[in-house]
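Okay, so here's the structure we're looking at.
The values are calculated or read from the model by the stated rules, or taken from the named source; none is laboratory data. This is a predicted model, so every value here is computed, not measured. In this analysis, Cβ positions are derived from the backbone assuming ideal geometry, glycine residues included, and neighbour counts consider all displayed protein chains.
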Amino acid sequence: MKKRFYITTPIYYPSAKLHIGHAYCTTLCDVLARSKRERGYETYFLTGADEHGLKIEKNAEAKGVTPQAFVDEIVEGFFKLWDLLKITNDDFIRTTQARHEHVVQTAFTRMLNKGDIYLGKYEGWYCRYCEAFWTDTQVGKDHICPDCNREVQKAEEEAYFFKTGKYVDSLLKFYDENPKFLIPESRKNEMINTFIKPGLEDLCVSRTSFSWGVPVLENKKHVVYVWLDALTNYISALGYCSDNEELFKKFWQDEDTEIIHILGADITRFHAIYWPMFLESLGLRKPDREFVHGLLMMKDSKMSKSKGNVVDPYPLVERYGVDAVRYYLTREINFGSDGSFSPEQFVERINADLANSYGNLLNRTISMIGKYFDGAIPEYKGQVSEFDASLESMIDVTISNYEKAMDDLKITDAIIYVNELVNRANKYIDETTPWALAKDEAKKDELASVMNHLARAIYVASRLYHPVLVTASDKAFEQLGLTSSGYENINDKHLLDNLKTVKGNPLFPRLDPNVEVPFINGLMAK
Ligand SMILES: [Zn+2]
């Protein structure tokens, strides 16, 4: 296992407010980053905004503001949402920042001087009204502008291109040597069979038909087009080509850093094909893993504003709390597969896993320790009964399964392991019947051991849930009487000895489906 960890979300396009799909990707990255950080890995977590392009230029114009003012306002909303979701990103890169534009221009110049970029002609479907080029797929077989529905014409403009042909063999070799680079693995075959084998075209990296972009220094009527601008955010944020390359050296160039990009399926091609080529052209190492997460659907149909089925994450967090939303996203949608959001599942998931299972375990245990031992957690005295032995071994196995799953980016599996431990601990109460042990003075040691083991199961579960349940886990620690402890104490069986528990409110009050399902449906209505 490498000793450092660099994780990124895609940079989001600020043409409209963020929806739950963005919240999903960023939350999952945050869970991974928190988990690594807690386990002692030096971690850097980046997110940001991709602020250039024609669409933003036009949206700003329609609103009567400058493109910069337009994106500034929307990006303010990004900050608010990440704050609300308690996202712990170390930096937020904006492609309109000078530090980023400098890197894009430097990279462009290096590639141009190396002969990897050349001036050619871009041919596409042009809408005179929108002054925009569109691709074959965008205009469809009727050749209609997707923006204004007017007819488009074939047209040409001068543009710079990146020579992909020069790097194809090396990319295929890289795929072969790094079978875990692209996850899920099926994506690699898609890249090869759909894009590379039929013949990869050179990539257009500049435009003259709009001006909201990073100017090409060598030819000022051009701005750098989309991917060369957007993808370099992963290194510009670390200070590549700046006066201070310390972060860049540490989190990118050092082979002891594991570099992970998390991304959506629609941008896989750019991350898996062009990004490694750009990096090779610049003489830089490639990321270790690119993980393509699934699509978050709304009740089995794709989220879309016109369908009125987009759920706004803000009111959801405000009503149910950050932990419930983070938990739902992590647990309900299997990381890497497509998933769907539904109000019924949301309420059911919170009630079953958090209120009835985890919250209830804590509540019952703290009550019993209060009743039988005056609120002090009995000392660990080894395994008094076979039930103790069984619970203890489950705790150890859970920790190791959880760590392995997190390292493999199987976040949903990791959380399921913790849920299983919580269920096991609830069952352990039924097996050991503390209320019966309490009636028999001769069983006092046995009862004490049961309370100690229960407290420890709760402690370990809360420690492992912590990257997801960022506030509830801390409340559970407080109720156990722990003032400070970290992941490094997870295997310490005496950690809880004699701690004075504090009875608190239920962590997750049960939600009434008859009230909450209509409420969430209301949020999703147009
Ligand atoms: Zn048009």
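Within the range 332-365, the set of residues being assigned to a helix (DSSP H, G or I) and more than 29 Å from residue 502 (Cα to Cα) comprises 332, 343, 344, 345, 346.
Here 411, 416 are screened, and the one residue that is surrounded by fewer than 21 Cβ atoms within 10 Å (Cβ to Cβ), in contact (Cβ under 8 Å) with a residue 40 or more places away in the chain and assigned by TED's automatic domain parsing to the domain that holds residue 465 is 416. With respect to being more than 26 Å from the chain's Cα centre (by Cα), among the basic types (Lys, Arg), closer than 26 Å to residue 46 by Cβ and modelled with pLDDT of 95 or more, residue 99 falls outside the description. In the range 390-408, the qualifying residues are those that are exposed (fewer than 15 other Cβ atoms within 10 Å of the Cβ) and among the small types (Gly, Ala, Ser), and the one that is farthest from residue 468 (Cα to Cα) is 393.
In the range 238-250, the residues that are farther than 17 Å from residue 4 by Cα and at pLDDT 95 or above form Cβ pairs under 8 Å with partners that are among the hydroxyl-bearing types (Ser, Thr, Tyr) and not in a loop (DSSP other than H, G, I, E, B), at six or more places apart or across chains, as follows: 241/106. Selection of the range 105-138 for residues being within 34 Å of the chain's Cα centre (by Cα), within 13 Å of the ligand (Cβ to nearest atom) and buried (at least 19 other Cβ atoms within 10 Å of the Cβ) yields 132, 133, 134. The helices (runs of 4 or more DSSP H) found wholly in the range 418-526 and carrying at least 3 residues that are under 24 Å from residue 353 (Cβ atoms) occupy 444-465, 472-479, 513-524.
Within the span defined as the range 147-164, one or more residues are loosely packed, with under 15 Cβ neighbours inside 10 Å, more than 16 Å from the ligand (Cβ to nearest atom) and assigned to a strand (DSSP E or B). All conditions but one from (1) loosely packed, with under 15 Cβ neighbours inside 10 Å; (2) under 29 Å from residue 328 (Cβ atoms); (3) not charged (D, E, K, R) apply to residue 422; the one that does not is (1). Pairs are defined by a Cβ separation below 8 Å, a sequence spacing of at least 6 or placement on different chains, a first member in the range 170-193 that is more than 19 Å from residue 293 (Cβ to Cβ), and a second member that is at pLDDT below 95 and surrounded by fewer than 14 Cβ atoms within 10 Å (Cβ to Cβ); the pairs so defined are 179/185.
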